[in-house]
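No value in this document is a laboratory result; all are computed from the given coordinates. This structure is a prediction, so every number in the text was calculated from the model and none was measured. All Cβ positions, even for glycine, are placed from backbone atoms using ideal geometry, and neighbour counts span all protein chains on display.
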Amino acid sequence: MTEYKPNDYKSAVKPSWCPGCGDYSVLNALMGAMADLNLNPADTTIVSGIGCSSRFPFFTSTYGFHSIHGRALPVAIGLKSANPKINVITVGGDGDGFSIGGNHFIHASRKNPNITYIVMDNEIYALTKGQNSPTSHEIVTKVSPYMSVEERVNPVMMALSFNTSFVARGFSGDVVQLKDLITQAISHRGFSFVHVLSPCMQYNDKITYDSVKEKIRPVPENHNLSDRIAGMQLVLEVGTYYTGVIYKQERPTLGDKLNEVKAKSQANLPVDFSVRDIVKQFS
Amino acid sequence: MNELIVRIAGTAGQGVISSGDIFSLAAARSGYYVTTYRSFPSEIRGEGQCAFQLRISQEKTYTVGHFSDVLVAFNQKAVDVNVKHLKSGGILLVDSDEVGELSGESFMEIIKYYVPITTIAKDVASVKAKNMVSIGLIAGLISQIPMKEQFKNDIRRRYAKYSEEIIDSNIKAFEAGYEYASSKLERHDNLNNISMSKSGEKLIMSGNEAIALGALVAGCRFYSGYPITPATEIMEWLARELPKVGGVMLQCEDEIASVTAAIGASYGGTKAMTATSGPGFSLMSEAIGLATMSEIPLVVVDVQRGGPSTGLPTKSEQSDLNMAIYGTHGEGPKIVLAPMDVQDCFIQTINAFNYAEQYQVPVILLSDAAVGQRRECVDLINFDSLKIVNRLKHDRTKDAGLYVRYRNTKSGISPIATPGDEGGAYVATGLEHTELCNPTSDPEIRKMMVEKRFRKLETATHEFISAKKYGPDDAKIGIISWGSTTGAVLEAVDMAKDSGYKIQALYPRTLYPLPQEWLQDFLADKEIVIVVEHNYTAQLLHTLVYRCNSINKDIKFFEILKYDGSILSAREVYDRIDKIIRQQSLRYTFSNDTTEHQYKF
Ligand SMILES: Cc1ncc(C[n+]2csc(CCOP(=O)(O)OP(=O)(O)O)c2C)c(N)n1
Ligand code: SF4
Ligand SMILES: [Mg+2]
């Protein structure tokens, strides 16, 4: 059996990100995690939407689907449901995942497909050169030249309220922890969400490596991972970003349920049942 | 007479549709051709009127016919609304518990039977069984066509999931109606003259079912959708049947998720489809472009209804053609097909999958409420002669070098790898890309890739794009239709022939790409060309005029358009053709229903 090294997941394409962009760390962490799990690149697909962060699939040697803005999750769910043996990892930005694609996040959580979703949150629309995103703090941008008029969403709180079955938060400034979180997320059976605080060098000085470093703290050792309310309390604490796994619940996946549906539908069918038999209902 | 047209009408909730269903199934299973039409109000159980018309015949018919031989009306409103659909000399059978003596001009030429349908139903079962009494009555009136036992079988089948008691009372109600017609109705009608020989075993299904079945037969194993009238039956049927053959049906949060999930599944190597109607189709636009750009096979069914916006949810229209052809932003290949009847729903769905796989493009199948909701006979499926196409796979044993996903081939078609294939990893993307999938805006590569994608359509044009003709080649009058209006047009051409008009019909098998050569050939000797569509803006006509600009000839174009939610019957089409021919000397006519536009090529 081949043993994959992190660099085996690197493609020939040099990442187009700005020097210092937080997304490099996520790429390195994911390549490390895939190596730790020894995922065959041919059996792995990275699906993304549109944004700086969504350029991700071009930089890995796995299969990739760089889809359209906000729609990475349904593409990934379709792929996983039709082809369950593929390891599906979905990546994207805060605008992609919580604004235009926000609705899909709710329903992916409800479906609980066995896929991983990593969001690189730079609290800005970076690819379009710096407009307010749903996670932006009060910032002055070209579309909010006087002030921001909307409040922020808290992505981890969203995930907890949707009962996403695995919820973690990491930071681009800590690749070691991030690799561990992504490894756990991919290993989790179900829909695993990793929220990554990932600074942008160009368009948002409200989130920098230093400013985040000041606010992060590891999830307390005694935190009960199956206690959703306790997770919410951590997440709602003002002024602190807890990093680590926040919530985890084992429950049947979408794939399990689809298999159950198949088994139920086939329960009384003869072994050689085929489409030809289905036609009989029309005669 | 070797056909019979029956119309049943009442208030929604009175069992009009279920009696029509039972009637048509029994007739088809007895070996006759059946075509049906149902109209029902949007409200599930409001005060709205609904009607079911069926045409039983010895030979295949394309429409449900115009005037009925028998009209059963459950109440006065049903009489008022539907009596105009009755033939002169036809039979009006009313529930005398609900409807009083009918007099007046519209009732002069018809035969009226007053039957206490409600009382009979109450006596043997309950008020609810009125519809069974009425089909019993009709079965009794046409007792020379042996269908009685089949009727009872189909009543049992219909109510199989209910208690024995309910099934029995429905059968009793049917028998009571049959008995009443045989013994009490003093017959002075023409129904005894009907004789039909059977035409062999057939299937009977609705257009939506035919699309769902066609998908299954074509190898579709993934469906994702969001409920919407009048397309939902496709999703419901596949939810039940797909898992039996190992497939997946996913209900999604909206149509954007539905279409992108189907694209994801197809990228993963599984034939995938989604179906919707206008509002959902609008939402899918961006993603259809993604399938075009990333060259992923995809089938999207639009069961058209009246638009725009929420429009007429339960009524049929052909107004999404422009959107299907031109709808997505940017330019890229896709294929648009439209089925003309239920049989064709099955055939065109298989075509849709075959073309999607062959050319790695999205294929849009434009059905509509009229054909989607009606039941018709369909030929038995000969599985051995069916052609099923699968995408050209990347074969590493033949091509061991670096895999070039979007290789610029002669046909435009490049071998496709599937996740899981060793040595096939590539990135599907909606961004313009190089042959190796890397994003690019290099003008040379951009030009090459646009041309590569469109070349697939040129290849397709040679391989399958066609049209069908009906009627004499030397006709000077041509008539062009697409999708579900074609049935009425073909029957109208026959009616015109009986009146001495020489007319030739043409209907394209693909709407995009349009079969230009066929059209030009067809138009070559025509002096008058009439286009028939269920829309206001004559969408096909405009596409046609735009596409066939090489015709250097004065042709007078006329439009027969209908956009009131009801569907054109062959009789209506014929009447309007007749009028056009008579008015032909006028240069420019504007009347309510027939507009002449002069197009100079
Ligand atoms: C339907 C649609 N609307 C708008 C855009 C333009 N657009 C591209 S990326 C983007 C926002 C990206 O922000 P985010 O998802 O946070 O990614 P980032 O670039 O910050 O990594 C927008 C608005 C688009 N591509 N598609
Ligand atoms: S603009 Fe910001 S998010 Fe985009 S690549 Fe540069 S640093 Fe990264
Ligand atoms: Mg962002």
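Of the residues B:I120, B:S183, A:S133, the one whose Cα sits farthest towards the positive end of the charge dipole of the protein assembly as shown is A:S133 (charges of +1 on Lys and Arg Cβ, -1 on Asp and Glu Cβ, taken about the Cα centre). Placing +1 on the Cβ of every Lys and Arg and -1 on the Cβ of every Asp and Glu, with nothing else charged, gives the protein assembly as shown a dipole about its Cα centre of roughly 960 debye. Among the GluC sites (Glu not before Pro) in the range A:121-168, those placed in a DSSP loop whose Cβ has at most 13 other Cβ atoms within 10 Å are A:E138, A:E150, A:E151.
For B:V336, the residues whose modelled amide H falls within less than 5 Å of its own, excluding neighbours fewer than 5 places apart on the same chain, are B:I364, B:L511, B:Y512.
Relative to one another, the C-alpha centroids of the range B:282-336 and the range B:458-520 are positioned 24 Å apart. Solvent-free Debye calculation, one equal scatterer per alpha-carbon of the range A:23-69: log10 I(q)/I(0) at 0.13, 0.27 Å⁻¹ equals -0.27, -1.04.
Express the relative contact order of the range A:6-251 as a whole percentage, based on alpha carbon pairs under 8 Å and six or more residues apart in sequence. Provide the component values of the computation, followed by the final result.
On the way: 536 pairs, mean separation 46.1, N = 246.
This gives 19 percent for the range A:6-251.
Computed over every Cα-Cα pair of the range A:172-244 and binned at 10 Å starting from 0, the pair-distance distribution P(r) comes out as 16, 45, 33, 6 percent. Checked against a 28 Å cut-off, the cross-linked pairs B:K84/B:K476; A:K280/B:K184; B:K502/B:K556; B:K77/B:K161; B:K60/B:K148; B:K334/B:K502 give Cα-Cα distances beyond that limit for B:K84/B:K476; A:K280/B:K184; B:K77/B:K161; B:K334/B:K502.
Charged side chains reduced to their Cβ positions (Lys and Arg at +1, Asp and Glu at -1) give chain A a dipole of some 760 debye around its Cα centre.
Peptide B:267-276 shows a mean partner chain C-beta count of 4 within 10 Å per residue C-beta. Global dimensions of the range B:206-385 from alpha-carbon coordinates: Rg and Dmax equal 14.4, 44 Å. For a straight C-alpha distance cut-off of 13 angstrom, the aspartates and glutamates reachable from B:K271 (same-chain residues fewer than eight places away being disregarded) are B:E357. Taking a straight Cα-Cα cut-off under 15 Å and skipping sequence neighbours fewer than 8 places away in the same chain, the aspartates and glutamates within cross-link reach of A:K14 are A:D23.
Take peptide B:239-245, look around each residue's Cβ out to 10 angstrom, count Cβ atoms belonging to other protein chains, and average those counts.
6
Ellipsoid fit via the Cα gyration tensor, the range B:417-469: semi-axes of 28, 18, 8 Å, each the root of five times an eigenvalue, largest first.
Using Stokes-Einstein with the Kirkwood hydrodynamic radius over Cα pairs, what translational diffusion coefficient do you get for the range B:269-345 at 4 °C and a viscosity of 1.567 mPa s, in µm²/s rounded to a whole number?
Details: Rh = 13.3 Å.
Calculated translational D: 97 µm²/s.
Nearest 5 percent is fine: what portion of the DSSP beta bridges confined to chain A is antiparallel? Intermediate results must be reported in sequence, preceding the final value.
Working: 7 of 36 bridges.
Within chain A, antiparallel bridges account for around 20 percent of the total.
Counting only Cα atoms, the size of the range A:108-221 along its three principal axes is 45, 30, 26 Å, in decreasing order.
For the protein assembly as shown, the alpha carbon positions stretch 96, 70, 61 Å along the principal axes, listed from largest to smallest. Of the GluC sites (Glu not before Pro) found in the range B:81-122, the ones in coil according to DSSP and having at most 13 other Cβ atoms within 10 Å of their Cβ are B:E101, B:E109.
Can you give the charge dipole size of chain B about its Cα centre, rounded to the nearest 20 debye, using +1 on the beta carbon of Lys and Arg and -1 on the beta carbon of Asp and Glu?
So the dipole magnitude of chain B works out to roughly 680 debye.
Here's the picture: charge each Lys and Arg Cβ at +1 and each Asp and Glu Cβ at -1 in the protein assembly as shown, and of A:P145, A:Y9, A:A185 the one pushed furthest to the positive end of that dipole is A:Y9. Measure nothing but the geometry: give the 0 to 90° angle between the long axis through the Cα atoms of B:164-184 and the longest principal axis through the Cα atoms of chain B, rounded to 10°. In chain B, helix B:164-184 runs at an angle near 60 degrees to the longest axis. Under a 5 Å amide H cut-off, with hydrogens placed 1.01 Å from N, A:Y247 pairs with A:V167 among residues at least 5 apart or on other chains. Rounded to the nearest 5, the antiparallel percentage of DSSP beta bridges internal to the protein assembly as shown is 35%.
In plain terms, the bigger the Kirkwood radius, the slower the diffusion; for chain B, with that radius from Cα pairs, at 10 °C and 1.306 mPa s, Stokes-Einstein puts D at 62 µm²/s. Panel values: the range B:3-194, Kirkwood radius from alpha carbon pairs, Stokes-Einstein at 4 °C and 1.567 mPa s, translational diffusion coefficient 79 µm²/s.
Measure nothing but the geometry: give the 0 to 90° angle between the long axis through the Cα atoms of B:443-463 and the longest principal axis through the Cα atoms of chain B, rounded to 10°. Value to nearest ten degrees: 40.
Which order, highest average first, do B:378-386, A:205-213, B:3-11, B:473-481 follow once you tally other Cβ atoms within 10 Å for each residue and take the mean per peptide?
The peptides rank, most packed first, as B:3-11, B:473-481, A:205-213, B:378-386.
From its DSSP helices (H runs of at least four residues, each -39,500 (n - 2.57)), chain A gives a residue-normalised ellipticity at 222 nm of -9000 deg cm²/dmol.
The reciprocal of the average 1/r between distinct C-alpha atoms defines the Kirkwood hydrodynamic radius, which for the range A:201-283 equals 18.1 Å. Remark: C-alpha extents of the range A:26-185 on the principal axes read 50, 30, 26 Å, sorted largest to smallest.
Compute the acute angle (0 to 90°) between the alpha-carbon long axis of helix B:285-294 and the principal axis of greatest extent of the alpha-carbon atoms of chain B; round to the nearest 10°. Around 40 degrees separate the two axes. Taking a ≥ b ≥ c as the square roots of the Cα gyration tensor eigenvalues, with a/c under 1.5 meaning rounded and otherwise prolate when a/b beats b/c, else oblate, which class fits the range B:301-355? Oblate is the answer for the range B:301-355, as a/c is 1.5 or above yet b/c matches or exceeds a/b.
Footprinting exposure proxy ranking of A:W17, B:W482, B:W518, fewest other C-beta atoms within 10 angstrom first, gives B:W518, A:W17, B:W482. When the square roots of the Cα gyration tensor eigenvalues are ordered a ≥ b ≥ c, the ratio a/c for chain A is 1.5 or more and a/b exceeds b/c, which makes its shape prolate.
For B:539-545, what's the mean count of beta carbons from other chains sitting within 10 Å of each residue's beta carbon?
On the way: counts 0, 0, 0, 0, 0, 0, 0.
Counting Cβ atoms of other protein chains within 10 Å of each residue's Cβ and averaging gives 0.
Footprinting exposure proxy ranking of A:K80, B:K112, fewest other C-beta atoms within 10 angstrom first, gives B:K112, A:K80.
Residues in the range B:275-284 carry Karplus couplings, in order, of 9, 7, 10, x, x, x, 5, 4, 5, 7 Hz; the curve used is 6.51 cos²θ - 1.76 cosθ + 1.60 with θ = phi - 60°, and Gly or Pro positions show x. Between the range A:43-83 and the range A:112-146, how many Å separate their Cα centres? Their Cα centres are 19 Å away from one another. Centroid-to-centroid, using Cα positions, the range B:233-248 and the range B:380-399 are 22 Å apart.
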